[in-house]
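*Asks:* Have a look at this one before I ask anything.
The values are calculated or read from the model by the stated rules, or taken from the named source; none is laboratory data. Since the structure is predicted, the reported quantities are computational estimates derived from the model, not experimental observations. Virtual Cβ from ideal backbone geometry, glycine too; neighbours counted across all protein chains shown.
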Amino acid sequence: MFKIFEPGRIFVITSKAHKYVMFLFVFVICIGLLEALIFSRVHYKQGDSVRIMYVHVPAAWISLGIFSSITFLSLTGYIFKNKNFFLISKSLAPSGLVFNIVALVTGSIWGKPTWGTWWAWDARITSMLILALFYLMYLIAWRIYEDKEQVLKITTIITILGIINVPIIKYSVDWWNTLHQPASINILSKSSIHSSMLFPLIIMTAAFALFSMLIFLMKYNTELIKIKNKGLDRL
Amino acid sequence: MITEILQMNGYGLYVWSSFLFTFVSFTTLYVITKIQYTKEKKKFMSKYGALDSKKAEVARSQTINKEILSSSQSI
């Protein structure tokens, strides 16, 4: 059923793909930075500080997306006993954590000129911090547990517990009174964000997605070579 | 114009520090990942080099090993 996910087949692609992804990332990020820092309009209320949105929002989106993917892959891998799914999850996690940290730090920097404070125990900020802790727990679990079966079980449990937090992050602005504004971008209904701001936001999101893809490819290849190194010892 | 872009009507420090932090985080993650990748590839090459011809042939028959060997020629 999962023959297309065989490491041998994937490695043929991933060992070559990262060079092209790197090239594409540099190209897209250059356009994104020009749009975000120079060409995009200034917000009528927030002024130029709104430009922080172009790194803060994509970082938050991608960190949430990566955690959801990790959970899905871990769960599928656990149900169908496919270890390659765990390898993909493990390779995705470092970039997810970095995006989470970027979202928290840039959010904190944005908070100072907008809300007058670097940090507030606001529902969304707190839930994003909890997500970072789940990422940390996930990565630490891979480092500390030697037994393979045990690490697969524990990392799956961590992701299942962590995924409960994802809808909380998404709907925290609707469920509680928070400093964050409600969502400006809706897939199903009309977005309230102006198109002049939406365009750079999409470009930066694409660039960040490409960067996470690049890190994933390199990390996945590293993990596969590690396994092959052990295989050579056994020969 | 350059001063305007740098100052950003008084928000320059916040905007540039956000972008700089993102850039530094990305670069650090990329460098660490690249170092690990190169290290594992080199380890593979040295282990493969230490194999006798029979074992080397067995190792080379596997797709992933073949790919690592062909891509390692560039490092």
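*Asks:* Among the listed residues A:LYS90, A:LYS83, identify the single one that is touching a residue at least 60 places away in the same chain (Cβ under 8 Å), within 25 Å of A:ILE140 (Cβ to Cβ) and surrounded by fewer than 16 Cβ atoms within 10 Å (Cβ to Cβ). If you could, list the steps in order and put the result at the bottom.
*Replies:* Working: A:LYS90 fails: surrounded by fewer than 16 Cβ atoms within 10 Å (Cβ to Cβ).
Step by step, each of A:LYS90, A:LYS83 is checked, and only A:LYS83 is touching a residue at least 60 places away in the same chain (Cβ under 8 Å), within 25 Å of A:ILE140 (Cβ to Cβ) and surrounded by fewer than 16 Cβ atoms within 10 Å (Cβ to Cβ).
*Asks:* Would you pick out the residues in region A:176-221 that are over 16 Å from A:ALA60 (Cα atoms), touching a Ser or Thr at 6+ places or on another chain (Cβ under 7 Å) and either crowded, with 23+ Cβ neighbours inside 10 Å or modelled with pLDDT of 90 or more (or both)?
*Replies:* Selection gives A:ILE215, A:PHE216, A:LEU217, A:MET218, A:LYS219, A:TYR220, A:ASN221.
*Asks:* Here is a further query. Does A:SER63 fit the bill of being within 14 Å of chain B (Cβ to nearest Cβ) and in a helix (DSSP H, G or I)?
*Replies:* So A:SER63 passes the test.
*Asks:* If you don't mind, another one. Listed residues A:THR156, A:THR126; which is of a type in the set (S, T, N, Q) and within 17 Å of A:PRO94 (Cα to Cα)?
*Replies:* Details: A:THR126 fails: within 17 Å of A:PRO94 (Cα to Cα).
Going through A:THR156, A:THR126 in turn, just one is of a type in the set (S, T, N, Q) and within 17 Å of A:PRO94 (Cα to Cα): A:THR156.
*Asks:* Considering only helices (runs of 4 or more DSSP H) fully contained in chain B, which possess at least 1 residues that are in contact with an Asp or Glu (Cβ under 7 Å, 6 or more places away or on another chain)?
*Replies:* B:12-49
*Asks:* Filter region B:1-60 down to the residues that are among the small types (Gly, Ala, Ser) and surrounded by fewer than 14 Cβ atoms within 10 Å (Cβ to Cβ), then identify the one that is farthest from the other protein chains (Cβ to nearest Cβ).
*Replies:* B:SER53
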